[in-house]
Amino acid sequence: VVVIGIGGSYAGTKAVDDAIAHKYQGWIDQASAQIPIVYAGHNLSESELVELIDLMDAKQPLVNIISKSGTTTEPSVAFRVIRRYLEQRFGVEQSARRIVATTDKDKGVLRSLAEEQGYKTFPIPADIGGRFSVLSCVGLIPLALAGYDIKLLLEGADGVFESIRSADDLSQEPVVQYAAARIAAFESGKAVEVLAIPEPRLIGVLEWWKQLFGESEGKDGKGLVPTGLVFTTDLHSLGQMVQDGVRNLFETVITCKNATKTGGASVERSIKVPHLSGNCDQLNYLEGRSISEINMAAIKASQLAHFDGGVPGVELNIATVDLHTLGALFAFFEVSCAIGGVLLKVNPFDQPGVEEYKKNLFGLMGKPGYEELGGSIRSRL
């Protein structure tokens, strides 16, 4: 499944797939039933597009183009290239059956093209921005095409929404407490929020979270800059800055009691530190303990060290990493983000700053109507 999109049009899908799919399944079993998801249109890397075409040559690609307008530069360029590839390989009629368009219900370039070519389509809800769209058809369609049980994602999200709806005292709801803690950090002079994740498989969630809060709150000179740490890798790099650098940080740590993969093609299992005669590496004090247990201890040790170093923070605990939990995390962060925008007195649902680079790009590349701007930019450069 080739997902073409940028920002919220692909980040949620990638967050789920990275967290659940077996990282090496395609290497282990070429005949695996697991359907891989790959991505295009989220950058302008020519080399990545070349390598993607090489992959498509060896596979039977199904393409999901996701764009409300159909004119955003990165996905539109990628789709033009991939559409031509499909038509040359399969013919116009057969290639149309391999393309699914997720776009505006009534208008836009992609909507017109889809109707003209006969693509299967799904409508992007008009009142949902890209970074809030993972639980809509934007995120659900490519995951369903790859074989994921998307109902589990929605059930996890519903649990968060129902808890909020039925709460007697909203101030006791974690989703509200997290939003309040973040705004309190900002108002006390903090400038950066570090989201620390316990597993590399959650890097996709981290990237999705960065867009969600960065685009929603970064307005009018306000908002915490969202960045992240991957435990324990980054404790040996950015950890020094968090521990001992400028004291403008607020830290949110996700902890997980059971981080062993249980979804996709994985089999739940635990690896324990074996015995070593002679104890030459001096690790026998860890003998018999699981890697997850040691990882959790390292996270707790770093939390305490960072707090003692002047970095306040909160902890979000999840029981495991599965589709249900991911759906709950998406809902939790989206609602907290909306509340935070209200508290900051900014609109969390627009992104006017994103449009500035687009205008400059149109001018530099000579898009009709932007000639004067292009001349001005070239003289400045």
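Would it be correct to say that GLY118 is of a type outside the set (Ser, Thr, Tyr), closer than 30 Å to LEU329 by Cα and either touching an Asp or Glu at 6+ places or on another chain (Cβ under 9 Å) or open to solvent by 40 Å² or more (accessible area, probe 1.4 Å) (or both)? So GLY118 fails the test.
Of all residue pairs spaced 6 or more apart or on separate chains, those with beta-carbon atoms under 6 Å, a first member in the stretch 294-322 that is more than 21 Å from PHE333 (Cα to Cα) and touching a residue at least 40 places away in the same chain (Cβ under 8 Å) and a second member that is part of a helix (DSSP H, G or I) and open to solvent by 40 Å² or more (accessible area, probe 1.4 Å) are SER302/LEU235; GLY309/GLN243. Of all the criteria given as (1) over 30 Å from ASN347 (Cβ atoms); (2) open to solvent by less than 60 Å² (accessible area, probe 1.4 Å); (3) modelled with pLDDT of 95 or more, the one not satisfied by SER32 is (3).
When the stretch 212-233 is examined, which residues are found to be assigned to a helix (DSSP H, G or I), of a type outside the set (A, V, I, L, M, F, W, C) and in contact with a Pro (Cβ under 8 Å, 6 or more places away or on another chain)? Listed by number, the residues that qualify are GLY214, SER216, GLU217, THR233.
Only residues that are in contact (Cβ under 8 Å) with a residue 12 or more places away in the chain and open to solvent by 20 Å² or more (accessible area, probe 1.4 Å) were counted across the stretch 75-84, and they come to 4. Cβ-Cβ contacts under 7 Å between residues 6 or more apart (or on different chains), taken from a first residue in the stretch 140-153 that is open to solvent by 60 Å² or more (accessible area, probe 1.4 Å) to a second residue that is assigned to a helix (DSSP H, G or I), are listed as ASP149/LEU323; LEU152/LEU323; LEU152/HIS324; LEU152/GLY327. Only residues that are within 20 Å of GLY7 (Cβ to Cβ) and assigned to a helix (DSSP H, G or I) were counted in the stretch 53-109, giving 11. Which of the residues that make up the stretch 167-194 are more than 18 Å from PRO226 (Cβ to Cβ), in a helix (DSSP H, G or I), more than 25 Å from the chain's Cα centre (by Cα) and of a type in the set (A, V, I, L, M, F, W, C)? Listed by number, the list holds a single entry, LEU170. If the requirement is being closer than 28 Å to GLY159 by Cα, open to solvent by 40 Å² or more (accessible area, probe 1.4 Å) and in a helix (DSSP H, G or I), which of these qualifies: SER376, SER292? Within the list SER376, SER292, the selection yields SER292. Against the definition (over 27 Å from LEU153 (Cα atoms) and open to solvent by 30 Å² or more (accessible area, probe 1.4 Å)), how does GLU315 come out, yes or no? So GLU315 does not fit the description; no.
Taken together, GLN303, GLN351 contain a single residue that is assigned to a helix (DSSP H, G or I), over 24 Å from LEU170 (Cβ atoms) and not hydroxyl-bearing (Ser, Thr, Tyr), which is GLN303.
Which residues, counting only those in the stretch 125-144, are modelled with pLDDT of 95 or more and out of contact with any Gly (no Cβ under 6 Å at 6 or more places or on another chain)? Correct list: PHE132, LEU135, SER136, CYS137, VAL138, LEU140, ILE141, PRO142, LEU143, ALA144.
Quick check on the stretch 228-236. Is at least one of its residues acidic (Asp, Glu) and within 29 Å of ILE6 (Cα to Cα)? Looking through the stretch 228-236, at least one residue is acidic (Asp, Glu) and within 29 Å of ILE6 (Cα to Cα).
Restricting to the stretch 195-209, what's the tally of residues that are open to solvent by less than 10 Å² (accessible area, probe 1.4 Å) and outside any helix (DSSP H, G or I)? Total satisfying the criteria: 4.
The values are calculated or read from the model by the stated rules, or taken from the named source; none is laboratory data. Treat the numbers as computed from the prediction; the structure is a model and nothing was measured. We place every Cβ from the backbone using ideal geometry, glycine too, and count neighbours over all the protein chains shown. Protein only, heavy atoms only, side chains kept; ligands, DNA and RNA dropped before computing areas. Shrake-Rupley method; radii C 1.70, N 1.55, O 1.52, S 1.80 Å.
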